[in-house]
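Read through the structure below, which is laid out as structure tokens, and then see the notes.
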Amino acid sequence: MLCHIPAARRGHLVWFLPFLWTLAFGLWGLSRQDSVWRDEAATWQVAGRSAGEIWAMLGNVDAVHGLYYLLMHGLFEAFGASTTTLRLPSVLAVAAAAACVGLIGRRLAGFWAGLGGGLALGLLPAVQFYLQEGRPYALVAAGAGLSTLLLVSLLSPEPARPGRRVWPRWTAYGATVLVCALLNWLSLLILPAHAVTLWWVRAGRGVWLRWAAYGAGAVAGALPLILFSRGQSGQVSWIPPLTWHMLIGPGILLAVGGLCAGADRPGRARLSAAAVGLPLLAVPQLGLIGLSLVQPLFLDRYVLFSMVGLALLIGAALGAAVRACAPRFPRACRLLVPGVVGVAVLALLPVELGKRAPASRVDDVLSVAGEVARLKRDGDAVLYVPAARRDTALVSPGAFAGLADIALARTPVASGTLKGEEAEPDRIRAELLGQRRVLLITDAAAVAKAPSAERDKVKAAVLRERFTVVEDRQVRGRRVTVYERLG
């Protein structure tokens, strides 16, 4: 039993068990039946370029993810392109975040609070989605956990030691916040969350000045990226304006966090799990809502790191429950945290299985590649509607070997873009009229939108007027239709 383990060893278990648990949870079904959806396909195809080609692309698109793309490029070079290489960094990052929650919870509310919070993080539905995602949001969550752990250690220092200095931890704090901002600059919302914690515990003037100095340094370091990426704001123009129904999820999270914070019984000026976790949960959520009133930006993944605060609050509530039942049921209370976690795993089993299925994402760029390889013939042409669906050929080039991409004027690498540059509509029409068979790659009917770009309208019109459908396959959100020329 954990209660019979010496205190020193329990100090290691409080972070090691959540790390190991979350790692195992993330490795379960990591390949998602060998599927890769459109967001991950962007990571895959960019990571396969050279560092120089990535740098050239960032001047045109996706500058906000530049550091992440360069990191993944290094991993693809070292370990090869695969779903494991694509997703394992996120699994390790969430596992590291869980370890940080365990350490923070133990310091603020005891062993069971730390263990419960650390084990809970990977079970949260929002975290489960990005636990196995080839995008940077899990890495930001790990950074948020580390920076919060550093702040807590600075607010509750260990007994003074001769020559002990705090500036290395403040430097590590500022550097961690900066790296997170370079991965996703909306992670800077963690600074006002930490400011609320400082206000809550009535931090001294010296702490405020150091926090302000190192926080300002992180903002200054990320400011060039923020200003430059604002010029690429068209990339997020598809995000819908904020509506009331979009606030239901954050409202539920804040309500749950508030209930858990109440169980912690925080004092007005006491450093507690509530004083750290509640601002970390609430401030990024409310901050993103505020920003979305100016420009639509409300996507839960942008503030995924706030789930670290929710996990910490859940752990604090579990720790409080253990303390409450200990006097009357000293033996049974030792099973409370493992029992709650076990029940949560069973209750969330449909979610866990769903997040690991290809259907959990809007599409699968790999599945349609197999259909293309089966349906294509020598001399066939291929079209993509919209042009972004070219990602399936960029991730699976072998399946498209021998097909003529008749709309493409400049490749994605040559143009420094994600989807390449297509020819003018008249040129596309002329090329298309010279073909006998054409494979059209587009979205499945359930998720497809009417063509909006003039080039796509021309493609659709010519295929409708001059060709007839001979094959049509839809699989995992993508569609390949084979057209033959009339007559």
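The values are calculated or read from the model by the stated rules, or taken from the named source; none is laboratory data. This structure is a prediction, so every number in the text was calculated from the model and none was measured. Cβ: placed from backbone, ideal geometry, glycine included. Neighbour counts: every protein chain shown. Calculation scope for accessible area: heavy atoms of the full protein, side chains included, ligands and nucleic acids excluded. Shrake-Rupley method; radii C 1.70, N 1.55, O 1.52, S 1.80 Å.
Averaged over residues, the count of other Cβ atoms within 10 Å places the peptides 244-250, 481-487 in the sequence 481-487, 244-250, highest first.
Surface composition of the chain: carbon plus sulfur atoms hold 64% of the accessible area, using a 1.4 angstrom probe and ignoring ligands, DNA and RNA. In order along region 390-404, the Karplus-derived 3J(HN,Hα) couplings, from 6.51 cos²θ - 1.76 cosθ + 1.60 at θ = phi - 60°, round to 5, 4, 5, 6, 6, 8, 10, x, x, 5, 9, 4, x, 8, 8 Hz, and Gly and Pro are given as x.
Counting Lys and Arg as +1 and Asp and Glu as -1 over every other residue whose Cβ lies under 14 Å from the Cβ of MET246, the net charge comes to 0.
The slack in the chain from GLU465 to GLU484, taken as 0.36 nm per residue of separation less the alpha-carbon distance, amounts to 5.7 nm. Per-residue 3J(HN,Hα) values for region 462-467, derived from phi via the Karplus relation 6.51 cos²θ - 1.76 cosθ + 1.60 with θ = phi - 60°, read 5, 5, 5, 8, 10, 10 Hz in sequence order (x marks Gly and Pro). Per residue, the Cα convex hull of region 50-164 amounts to 153 Å³.
Normalised by residue count, region 204-323 yields a Cα convex hull volume of 125 Å³ per residue.
Equivalent ellipsoid of the chain: semi-axes from √(5λ) of the C-alpha gyration tensor, largest first, are 48, 24, 19 Å. Descending by average beta-carbon neighbour count within 10 Å, the peptides 426-435, 32-41, 129-138 line up as 129-138, 32-41, 426-435, the highest first. Computed from the C-beta positions of ALA453 and ALA401, the FRET efficiency with R₀ = 25 Å rounds to 0.40. Extending 7 Å from Cα along the Cβ direction at ALA409 and again at ARG377 yields two label points whose distance is 3.2 nm. Rolling a 1.4 Å probe over the protein heavy atoms gives the chain an accessible area of 44 Å² per residue. Classify region 376-441 from the C-alpha gyration tensor, please: rounded if a/c falls under 1.5, else prolate or oblate depending on whether a/b exceeds b/c. In terms of gyration-tensor shape, oblate.
Convex hull volume of the Cα atoms of region 161-225, normalised per residue: 82 Å³. Here is how the number arises for the chain: DSSP H runs of 4 or more residues each give -39500 (n - 2.57), the sum is divided by the residue count, and the result at 222 nm is -19000 deg cm²/dmol. With the highest mean first, a sort of the peptides 174-185, 343-354 on other beta-carbon atoms found within 10 angstrom per residue produces 174-185, 343-354.
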